[in-house]
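Notes follow the structure.
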Protein chains: 2
Amino acid sequence: MSTKGKGTRAERELFHMFWETGSFIPVRAAGSGSTPIPNPDLIVGNGEKTFAIECKALKSGSKYFPKKEIDELKIFSERFGAEPWIGIRFDNEGWWFLDLNNLGKSKKDNFMVSLDIARKRGLRFEELIGKFKQKKII
Amino acid sequence: MSTKGKGTRAERELFHMFWETGSFIPVRAAGSGSTPIPNPDLIVGNGEKTFAIECKALKSGSKYFPKKEIDELKIFSERFGAEPWIGIRFDNEGWWFLDLNNLGKSKKDNFMVSLDIARKRGLRFEELIGKFKQKKII
């Protein structure tokens, strides 16, 4: 499957996971990344919290995020009134969610997430949605 | 232009109008109406208010809304924590916005909006976004 197809499949999976919580409701943004107006992949809310989520899926290893993508997620989130999150799905490992302050740094002010960083600093889905007590964020 | 094409064009116009306010930021929902999960056409926020908007465009006359469409907009809005609105664009008249309580009633518990109802009970865009004092809602 292409990287893009894999990303779209993961995004749909996450959309349904939020719907199935029974408390959050998700929206997938049309044309995310294809208009000059910053939009996250998903926006979800439960009447108390609103999350703007940029989703990625990968087999293993690490994923780089251009500074521009992270800046746009911040701009969107500040203006909308949402918390910005990176959702990253590793094959055989499932979803991890990272606060922007917990991303790794790469060259030229870009960002990255590895499985190691996700495990150390990330939240699981159930933690993100508040079903379990959140781990201390490093 | 087909009714659907006209609706999509109007939805994009409204999306850009919210972006250009400099305070609200809009998201167009992907596949609105094509998944079993209720999603409005647009969701917009400014950090204080969140609006879930179902958009329609018509030449003149009136527009019927099946009860199911209105019920789904309510379900979405309650769960997300958004205000539900109907945005309706008449040719040569522009946009009007109606609170669900201000829609007209039609047969079989369905709803409708006519230009006359829109003018009497609706808000203009600038009123909706709070740039001008809102009219008394009837």
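The numbers here are math on the coordinates, done by the rules we state, and not lab data. All of these numbers come straight from a predicted model, not from anything done at the bench. Methodologically, a virtual Cβ is constructed for each residue, glycine included, from the backbone with ideal geometry; neighbour enumeration extends over all protein chains shown.
Here the 3J(HN,Hα) profile of region A:120-130, calculated from phi with Karplus coefficients 6.51, -1.76 and 1.60 at θ = phi - 60°, is 6, 10, x, 10, 7, 3, 5, 6, 4, 7, x Hz, Gly and Pro shown as x.
Comment: the Cα-to-Cβ extended label point of residue B:74, at 7 Å, lies 4.2 nm from its counterparts in the other copies, nearest first. For the rotational copy pair A/B, the chain A residue whose Cβ lies nearest the symmetry axis, together with its distance in Å, is A:30, 2.
Per-residue mean of other chain beta-carbon atoms within 10 angstrom of the beta-carbon, peptide A:61-71? The partial results should precede the final answer.
Details: counts 0, 0, 0, 0, 0, 0, 0, 0, 0, 0, 0.
Across A:61-71, the average partner-chain Cβ count within 10 Å equals 0.
Between copies, residue B:91 shows label-point distances of 5.4 nm, shortest first, with the point placed 7 angstrom from Cα along Cα to C-beta. Taking 0.36 nm per residue of sequence separation and removing the Cα-Cα distance, the residue A:75/residue A:20 pair yields an extension gain of 17.0 nm. Residue B:116 label point (Cα plus 7 Å toward Cβ) to equivalent points in the other copies: 7.3 nm, shortest first.
Give the average, rounded to an integer, of partner chain Cβ atoms located within 10 angstrom of each Cβ in A:97-107.
On the way: counts 0, 0, 0, 0, 0, 0, 0, 0, 0, 0, 0.
Counting other chains' Cβ atoms within 10 Å and averaging over A:97-107 gives 0.
What is the magnitude of the charge dipole of the protein assembly as shown about its Cα centre, with +1 placed on the Cβ of each Lys and Arg, -1 on the Cβ of each Asp and Glu, and no other charges, expressed in debye to the nearest 20? The partial results should precede the final answer.
Numbers: 50 positive and 36 negative charges, 40 e Å.
It comes to approximately 200 debye.
The helix-based estimate of mean residue ellipticity at 222 nm for the protein assembly as shown, built from -39,500 (n - 2.57) per DSSP H run of four or more residues and divided by its residue count, is -9000 deg cm²/dmol to the nearest 500.
Below 11 angstrom from the Cβ of residue A:7, what's the summed charge of the other residues (Lys, Arg +1; Asp, Glu -1)? Walk me through the intermediate numbers first.
Values: positive: A:4, A:6, A:9, A:12, A:56, A:63, A:89; negative: A:11, A:13, A:41, A:54.
For residues surrounding residue A:7, the net value is +3.
Scanning residues 5 or more positions from residue B:50 or on other chains, those with amide H under 5 Å from its amide H are B:83, with H placed 1.01 Å from N in the peptide plane. For region B:80-89, the Karplus equation 6.51 cos²θ - 1.76 cosθ + 1.60, evaluated at θ = phi - 60°, returns couplings of 6, x, 10, 8, x, 9, 9, x, 10, 10 Hz by residue, with Gly and Pro reported as x. Mean per-residue shielding of peptide A:20-26 is 3, counting Cβ atoms of other chains within 10 Å of each Cβ.
Distance check, please: which entries in B:4/B:68; A:4/A:74; A:105/B:49; A:4/A:120 exceed 30 angstrom between their Cα atoms? Don't skip to the end; give the middle numbers.
On the way: B:4/B:68 19 Å; A:4/A:74 23 Å; A:105/B:49 34 Å; A:4/A:120 27 Å.
Those over the limit are A:105/B:49.
Across region B:35-49, computed HN-Hα scalar couplings (Karplus, 6.51 cos²θ - 1.76 cosθ + 1.60, θ = phi - 60°) run 10, x, 8, x, 9, x, 5, 10, 10, 9, x, 9, x, 10, 10 Hz from first to last residue, x flagging Gly and Pro. Once backbone amide H atoms are built at 1.01 Å from N, residue A:57 has A:89 as its partners under 5 Å, excluding neighbours fewer than 5 places away on the same chain. Placing +1 on the Cβ of every Lys and Arg and -1 on the Cβ of every Asp and Glu, with nothing else charged, gives chain B a dipole about its Cα centre of roughly 460 debye.
Backbone amide hydrogens, once placed in the peptide plane, bring residue B:111 within less than 5 Å of B:65, B:67, B:106, excluding anything fewer than 5 places away on its chain. Just check the protein assembly as shown against the gyration tensor rule for me: Cα atoms, a ≥ b ≥ c as the square roots of the eigenvalues, rounded for a/c under 1.5, and otherwise prolate or oblate depending on whether a/b exceeds b/c. In terms of gyration-tensor shape, prolate.
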